[in-house]
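Shown next, in structure tokens, is the structure this report addresses.
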Amino acid sequence: MGQYFSDTSKNEDHGDLESSFTTCFKTTNTESKIITQEAIDSIELHLTKGNIQGANSVIRDALKNIDNVPINVAVTGEFGVGKSSLINALMGVGPDDEGAAQVGVVATTMMRTPYKHPKIQTLTLWDLPGIGTVNFPPKDYLEKVKFQEYDFFIIVSATRFTKLELDLAKAIKFMKKNYYFVRTKVDLDLDNEKKCNSRTFDREKTLQQIRSMCVNTFSQINMDAPQIFLISNSNFSDYDFPVLMDALVKDLSAQKRHNFMLSLANITEPAIDKKHNSMQQAIWFEACKDGLLATVPVVGILRDDVEKLKEKLNHYRVLFGVDDESLEVMAKDSQVPVEQLKKMIKSPYLLETEGETTLGEMLLKYLEKFASATGGPLATGLYFRKTFYLQFLFLDTVTEDAKVLLRQI
């Protein structure tokens with residue numbers, strides 16, 4: 001189908017499409033949008049003028065950028081500060097998983113080392129030697145680590161940040177790139193403080209003391225202190241790791257935000273919700289790009305549609321960590337039978353149907369739910385092709401599955 005609307009409704013549904021676009025994207029927070037504001041404004045302008053093909057062209061270009069643009073993250077710090085654990089957390093892998101950064105080994109980082117994200121092929125995390133090491137003296141550091149290739153730097157320390165690291169931050173800022181200071185192993189500091197002062201121990205007070213110590217390091221050289229992220233290398237759902245993830249996503253350019261968001265591990269329910277929001281936008285744009293917005297009645301679902309839907313469902317399960325391989329790993333780590341985990345979730349069984357009628361019933365139930373939701377496309381009279389509504393159903397299901405597993409495990 002090369003048109004968005006049937007001939008009988010072409011002229012009367014431009015307003016619905018524009019209204020639906022406005023509802024879906026103009027109300028989305030700027031830091032959550034997966035294409036640039038300029039592209040969004042251009043799409044809306046084309047829709048206002050009834051230029052469906054013009055809007056389609058802008059969407060195609062935007063999605064192409066999202067799919068192809070590389071994301072490079074630099075993680076730098078001295079040996080033993082927890083860089084490898086942080087890199088693995090950013091990749092959503094354990095230390096024993098294939099492709100993971102080695103944890104607890106002797107200092108071997110004599111050159112920058114790339115780690116490809118296992119699910120998002122455009123994302124690479126780089127383990128950089130600490131500034132001032134034998135082969136990376138301060139005056140040559142930025143050149144030797146190929147400074148210009150990275151989107152941002154994460155500077156990691158387990159104690160105080162050194163003067164060389166603060167000088168590095170100044171140079172990064174001068175080059176108009178972002179950097180983030182991460183203070184690791186705060187859980188160990190808390191444990192030590194509790195052992196030494198068990199009667200007077202105050203968790204929040206101790207954390208504030210750690211943060212203040214970091215801030216004072218900046219003050220001593222007359223440098224404005226940035227936000228300091230306190231994290232634990234053994235529990236990334238606690239402390240400031242989720243806050244760090246929000247900061248990284250917010251500061252990335254729109255075209256890189258979507259894939260970086262999808263790369264994040266399911267450490268909190270808000271993180272899962274943000275991945276869901278990002279995928280919702282992507283599905284909507286894909287529908288537009290393929291010319292599949294239409295007033296199409298909900299009738300039979302073709303066999304080819306079913307095969308494509310299976311691929312989409314499996315893709316969403318992988319992205320949200322509820323696919324069979326992820327469940328096996330989760331079962332091993334938590335010492336729970338994998339079948340028990342599968343009984344907790346719904347996505348593995350969504351397409352276990354015997355024909356068109358069952359899928360049609362599934363779709364009709366979801367359409368009723370979607371239409372009643374505030375701001376949904378049906379609320380403005382706009383209808384996606386049935387297969388795209390099922391993609392929304394799949395997305396909602398894997399999102400809820402990910403939350404169920406997070407609560408249980």
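Within the range 204-254, the set of residues being in a helix (DSSP H, G or I), touching a helix residue (DSSP H, G or I) at 6+ places or on another chain (Cβ under 8 Å) and farther than 22 Å from LEU406 by Cβ comprises THR206, LEU207, ILE210, THR217, PHE218, LYS250, ALA254. Taking the criterion of being modelled with pLDDT of 75 or more and under 19 Å from ASN266 (Cβ atoms), would at least one residue in the range 375-393 satisfy it? The answer is no; no qualifying residue exists.
So, GLU12, is that one surrounded by fewer than 21 Cβ atoms within 10 Å (Cβ to Cβ), modelled with pLDDT of 80 or more and of a type outside the set (A, V, I, L, M) or not? No: the conditions fail for GLU12. So which residues in the range 148-176 are buried (at least 16 other Cβ atoms within 10 Å of the Cβ), of a type outside the set (A, V, I, L, M, F, W, C) and under 21 Å from the mean Cα position of the chain (by Cα), if there are any at all? Answer for the range 148-176, where residues must be buried (at least 16 other Cβ atoms within 10 Å of the Cβ), of a type outside the set (A, V, I, L, M, F, W, C) and under 21 Å from the mean Cα position of the chain (by Cα): TYR150, ASP151.
The number of residues in the range 47-72 that are touching a residue at least 12 places away in the same chain (Cβ under 8 Å), open to solvent by 50 Å² or more (accessible area, probe 1.4 Å) and more than 27 Å from GLU149 (Cα to Cα) comes to 1. Filtered by the rule that a residue be part of a loop (DSSP other than H, G, I, E, B), open to solvent by 80 Å² or more (accessible area, probe 1.4 Å) and modelled with pLDDT under 75, the range 287-337 gives PRO297, VAL299, LEU302. Kindly indicate the residue of the range 45-75 that is among the charged types (D, E, K, R) and within 26 Å of the chain's Cα centre (by Cα) and also nearest to LEU262 (Cα to Cα) among those meeting that condition. Filtering the range 45-75 for residues that are among the charged types (D, E, K, R) and within 26 Å of the chain's Cα centre (by Cα), the one nearest to LEU262 (Cα to Cα) comes out as ASP67.
The numbered conditions (1) buried (at least 16 other Cβ atoms within 10 Å of the Cβ); (2) of a type in the set (Val, Ile, Thr); (3) free of Cβ contacts under 8 Å to residues at least 12 places away in the same chain are all true for THR200 except (1). In the range 109-129 there is at least one residue matching the filter, namely being over 23 Å from ARG257 (Cα atoms), more than 24 Å from the chain's Cα centre (by Cα) and open to solvent by less than 40 Å² (accessible area, probe 1.4 Å). Residue selection: ASN135 satisfies the criterion of being of a type outside the set (Phe, Trp, Tyr) and open to solvent by 30 Å² or more (accessible area, probe 1.4 Å). When residues in the range 73-96 are screened for being open to solvent by 60 Å² or more (accessible area, probe 1.4 Å) and of a type outside the set (Phe, Trp, Tyr), 3 of them pass. Taking every residue in the range 169-184 that is among the hydroxyl-bearing types (Ser, Thr, Tyr) and pairing it with any residue that is assigned to a loop (DSSP other than H, G, I, E, B) and surrounded by 20 or more Cβ atoms within 10 Å (Cβ to Cβ), at least 6 positions away or on another chain, the pairs with Cβ-Cβ distances below 8 Å are THR184/VAL81; THR184/GLY82; THR184/ILE231; THR184/SER232; THR184/ASN233.
The values are calculated or read from the model by the stated rules, or taken from the named source; none is laboratory data. Predicted model only: the values in this text are computed from it and were never measured. Don't worry about glycine lacking a Cβ; one is built from the backbone with ideal geometry, like all the others, and counts go over all protein chains shown. These accessible areas exclude ligands, DNA and RNA; they are computed on the full protein's heavy atoms, side chains included. Shrake-Rupley method; radii C 1.70, N 1.55, O 1.52, S 1.80 Å.
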